[in-house]
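S.K.: Sharing a structure, written as structure tokens. Questions coming.
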There are 2 protein chains.
Amino acid sequence: MSDFTRSFAPAEFEQRTHIVQRLMHDARLDAIVVTTEAEIRYFTGFHSQFFESPTRPWFVVVPAEGKPIAVIPTIGETGMAATWIDQIHTWPSPRPADDGISLLQGTITALPARHGRLGLPLGPESILRMPAGDAQRLVDSIPHEVIDCAEMLLRQRFVKSPAEIEKIRHVCQITSDAFEALPGHSQIGDSEIAITRRMRIDLLERGADSTPFMVAGSGPGGYDSIIMGPTQRVPKAGDVLIIDTGTVFDGYFCDFDRNFGFGHVADDVRRANAAVHQALDAGFAAARPGARMREVWSAMWWVMEDFGALGNSIGRMGHGLGMLLTEWPSVHPEDENLLEPGVVMTLEPGMTFAPGRQLVHEENIVITEAGAEYLTRRAPPEIPVIR
Amino acid sequence: MSDFTRSFAPAEFEQRTHIVQRLMHDARLDAIVVTTEAEIRYFTGFHSQFFESPTRPWFVVVPAEGKPIAVIPTIGETGMAATWIDQIHTWPSPRPADDGISLLQGTITALPARHGRLGLPLGPESILRMPAGDAQRLVDSIPHEVIDCAEMLLRQRFVKSPAEIEKIRHVCQITSDAFEALPGHSQIGDSEIAITRRMRIDLLERGADSTPFMVAGSGPGGYDSIIMGPTQRVPKAGDVLIIDTGTVFDGYFCDFDRNFGFGHVADDVRRANAAVHQALDAGFAAARPGARMREVWSAMWWVMEDFGALGNSIGRMGHGLGMLLTEWPSVHPEDENLLEPGVVMTLEPGMTFAPGRQLVHEENIVITEAGAEYLTRRAPPEIPVIR
């Protein structure tokens with residue numbers, strides 16, 4: 001992927017704004033306010049690592065009509081001016097006594113108040129990236145009724161544009177390459193930290209921008225966690241290592257894992273791996289337009305239950321994917337959300353197959369009219385072995 | 001630094017808990033609840049990259065007496081069990097209808113209610129990492145008066161232990177090495193992205209864990225932003241490039257920048273650079289136990305004002321540093337906070353010295369009884385040149 005594919009054409013942001021304004025119209029909202037890096041980047045194209053600093057709040061107001069309005073610290077003014085946004089209000093942050101709240105309040109109350117209703121993300125999988133006391137002050141200082149718009153925004157972002165899909169596909173392919181190369185530059189005696197450090201370097205050399213997430217767990221014949229590590233632990237013959245990575249290109253994530261054996265793979269691990277691999281195939285087949293997330297879950301879980309799974313401590317078996325490592329919604333037995341073309345998601349079947357021993361597979365897919373399509377290169381049916 | 005210096009002895013967490021419980025006693029709080037990665041890691045030692053996923057909330061309750069209590073998704077149980085924490089309550093997250101709130105409510109109300117007051121971080125530089133609607137439900141479901149404890153927690157973390165300081169010093173030294181090596185493997189014709197990618201790789205090879213923040217800006221004789229990029233821009237002869245990085249070792253950040261010239265450095269840039277360098281020296285001299293943050297600001301700004309600075313769009317000239325890229329408080333003309341031994345902070349004098357052209361320097365220091373000490377290796381007085 002040449003680098004001319006970085007960023008988006010202005011039409012992408014016009015389209016996103018058009019869609020959310022239609023949803024806002026249906027929900028009778030005069031405006032919405034968003035505060036997180038992903039939400040702000042989604043509507044403005046403002047792409048900065050500076051959100052790593054929690055000191056200053058940032059706000060974007062999407063009115064019922066017209067372009068989004070930025071209400072941001074002065075330090076961001078030149079960066080925001082380079083986006084498609086025209087109205088940029090700034091204040092000299094940090095200013096703890098009034099860190100943008102009066103400016104934001106003035107921006108909101110200057111808008112036409114047709115319904116007297118303002119949307120803020122308040123529900124599941126949302127956060128307000130601002131002091132909670134300031135959020136309360138804002139709500140108290142405006143005449144609007146405040147309405148939760150979290151699901152409306154998450155639902156919009158669940159379906160990706162072709163340009164978004166290409167970015168995710170690109171980072172999935174880079175990361176597939178790196179996973180496939182890993183056994184060639186790892187050996188028994190390397191620690192989890194040494195192996196994942198080399199993979200981080202390999203990903204950068206292949207053109208990834210950064211790796212915000214790279215977890216590793218290992219143990220004899222399986223691992224007991226998929227969210228800790230890497231540690232100084234040195235896997236021994238018979239161990240299984242999982243590496244799960246969220247790597248980024250131009251602001252879009254992949255999120256998938258691979259398992260590796262050391263020296264040899266025990267027979268019970270081999271059998272469990274075949275079951276999880278087969279479960280993923282079943283999830284892939286079930287992931288079609290019109291299917292519900294819970295149906296994808298069932299397709300995968302039945303395979304593992306038939307195998308004799310003891311349980312799943314992860315709480316779900318896949319999720320949306322895009323600007324964040326994990327996005328709404330979940331591949332979960334109670335999730336009724338429908339798949340449609342353009343949805344990008346992970347399939348992540350996993351089970352505890354013996355006490356303290358898990359196996360988890362993960363791939364990233366996009367839903368098309370014809371069914372699911374892999375964005376990652378499918379893991380081989382047999383666990384690769386490091387010697 | 002050998003890897004035995006990863007993590008902390010249990011006494012570190014006992015001490016942190018002891019200190020906060022003394023502060024809680026003075027504030028008449030029966031308990032506090034924290035939700036962010038850094039706060040949870042600070043009190044428990046639970047160190048996971050999994051907070052990169054925004055789906056699930058995590059909670060730690062610090063009671064008036066005894067160890068902190070974890071109220072966390074099941075997926076984190078084995079990881080938390082490996083820390084010094086004994087009481088771990090879990091629920092199968094994600095569960096949007098009740099994502100830990102009833103469990104957290106039960107944990108809080110089971111504690112002795114001496115004052116009927118619960119601390120939550122609500123003030124400047126805090127966020128609640130949970131849906132705002134759930135925070136409101138929690139507050140409504142407990143009998144306690146809810147008190148803002150943000151500053152209490154930030155103030156505690158402002159002063160670092162010797163073990164924390166050594167981690168920060170280590171990553172500052174690695175990153176100083178990488179900055180010094182950079183001109184040797186960069187040349188005119190390289191893009192900002194190519195230069196920073198190589199630096200990311202170099203940092204990993206030198207033993208850094210990750211680089212969550214690496215920003216680059218360049219322009220003829222100075223740059224107009226220090227929070228955007230890197231981009232595909234290829235600096236030309238006469239350009240100045242700034243690279244600012246927050247790189248991490250074992251969960252602790254450095255945060256400093258370096259400037260580079262291309263081909264040559266123009267005379268006006270050379271003079272401005274000398275002024276900013278001298279301003280940093282003045283800030284270093286002023287940063288002593290008993291000094292206020294605003295005095296450090298003044299010491300630096302006077303030098304640049306004498307030079308003829310047009311302004312500063314950053315909003316401050318330094319800040320606390322540690323588990324986050326930027327921590328409370330600010331080197332700001334209105335910040336009255338006092339320095340004391342153990343404080344780790346950045347000095348970041350910067351100015352717009354000509355329209356659209358900034359120069360910013362940054363170093364990381366620790367305050368000792370005798371005054372400031374550099375954790376970074378001081379930038380050379382002349383801007384290094386890439387040819």
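S.K.: For the range B:192-230, what are the residues that are in contact (Cβ under 8 Å) with a residue 40 or more places away in the chain and closer than 30 Å to residue A:193 by Cα?
M.R.: B:192, B:195, B:196, B:199, B:203, B:207, B:208, B:209, B:212, B:213
S.K.: Taking strands (runs of 3 or more DSSP E) that fall entirely within the range A:108-220, which contain at least 1 residues that are facing chain B (nearest Cβ under 9 Å) and buried (at least 19 other Cβ atoms within 10 Å of the Cβ)?
M.R.: Output list reads A:117-120, A:210-220.
S.K.: Taking the residues in the range A:87-107 that are among the aliphatic types (A, V, I, L, M) and touching a residue at least 40 places away in the same chain (Cβ under 8 Å) as candidates, determine which candidate is farthest from the other protein chains (Cβ to nearest Cβ).
M.R.: Ranking the qualifying residues of the range A:87-107, first place goes to A:104.
S.K.: Among the residues of the range A:240-250, write down those that are out of contact with any strand residue (DSSP E or B) (no Cβ under 7 Å at 6 or more places or on another chain) and surrounded by 24 or more Cβ atoms within 10 Å (Cβ to Cβ).
M.R.: A:249
S.K.: May I pose another question? It is to be established whether one or more residues within the range A:163-175 are among the hydroxyl-bearing types (Ser, Thr, Tyr), under 25 Å from residue A:374 (Cα atoms) and either out of contact with any helix residue (DSSP H, G or I) (no Cβ under 8 Å at 6 or more places or on another chain) or not assigned by TED's automatic domain parsing to the domain that holds residue A:328 (or both).
M.R.: No, every residue in the range A:163-175 fails to be among the hydroxyl-bearing types (Ser, Thr, Tyr), under 25 Å from residue A:374 (Cα atoms) and either out of contact with any helix residue (DSSP H, G or I) (no Cβ under 8 Å at 6 or more places or on another chain) or not assigned by TED's automatic domain parsing to the domain that holds residue A:328 (or both).
S.K.: Which ranges mark the helices (runs of 4 or more DSSP H) fully within the range A:1-107 that have 3 or more residues being surrounded by fewer than 18 Cβ atoms within 10 Å (Cβ to Cβ)?
M.R.: Because the criterion is at least 3 residues that are surrounded by fewer than 18 Cβ atoms within 10 Å (Cβ to Cβ), the helices (runs of 4 or more DSSP H) in the range A:1-107 that meet it are A:10-26.
S.K.: Might you check whether a residue that is more than 25 Å from the chain's Cα centre (by Cα), away from chain B (no Cβ under 14 Å) and either surrounded by 22 or more Cβ atoms within 10 Å (Cβ to Cβ) or modelled with pLDDT of 95 or more (or both) occurs anywhere in the range A:279-295?
M.R.: no
S.K.: Something else now. Return only the number of the condition from (1) of a type in the set (A, V, I, L, M, F, W, C); (2) more than 25 Å from residue A:37 (Cβ to Cβ); (3) at pLDDT below 95 that residue B:226 does not satisfy.
M.R.: Going through (1) of a type in the set (A, V, I, L, M, F, W, C); (2) more than 25 Å from residue A:37 (Cβ to Cβ); (3) at pLDDT below 95 one by one, residue B:226 breaks only (2).
S.K.: Additional query: Given the criterion of a type outside the set (Val, Ile, Thr) and farther than 30 Å from residue B:366 by Cα, identify the matching residue among B:162, B:131.
M.R.: The match here is B:131.
S.K.: Need the failing condition index for residue A:189 against (1) in contact (Cβ under 8 Å) with a residue 60 or more places away in the chain; (2) on the phi > 0 side of the Ramachandran plot, just the number.
M.R.: (1)
S.K.: Is it true that some residue in the range B:252-275 is of a type in the set (A, V, I, L, M, F, W, C), in contact with a Ser or Thr (Cβ under 6 Å, 6 or more places away or on another chain) and outside any loop (DSSP other than H, G, I, E, B)?
M.R.: Yes, the range B:252-275 contains a residue that is of a type in the set (A, V, I, L, M, F, W, C), in contact with a Ser or Thr (Cβ under 6 Å, 6 or more places away or on another chain) and outside any loop (DSSP other than H, G, I, E, B).
S.K.: If residue B:236 passes every condition in (1) modelled with pLDDT of 95 or more; (2) touching a helix residue (DSSP H, G or I) at 6+ places or on another chain (Cβ under 9 Å) but one, which one does it miss?
M.R.: For residue B:236, the failing item is (2).
S.K.: While we're on this one: Restricting to the range B:339-355, name every residue that is over 23 Å from residue B:180 (Cα atoms) and either touching a helix residue (DSSP H, G or I) at 6+ places or on another chain (Cβ under 8 Å) or without any contact (Cβ under 8 Å) to a residue 40 or more places away in the chain (or both).
M.R.: The answer is B:339, B:342, B:343, B:351, B:353, B:354.
The values are calculated or read from the model by the stated rules, or taken from the named source; none is laboratory data. The structure displayed is predicted, hence computed values, not measured ones. Cβ coordinates were reconstructed from backbone atoms using ideal geometry, including for glycine residues, and neighbour counts include every protein chain displayed.
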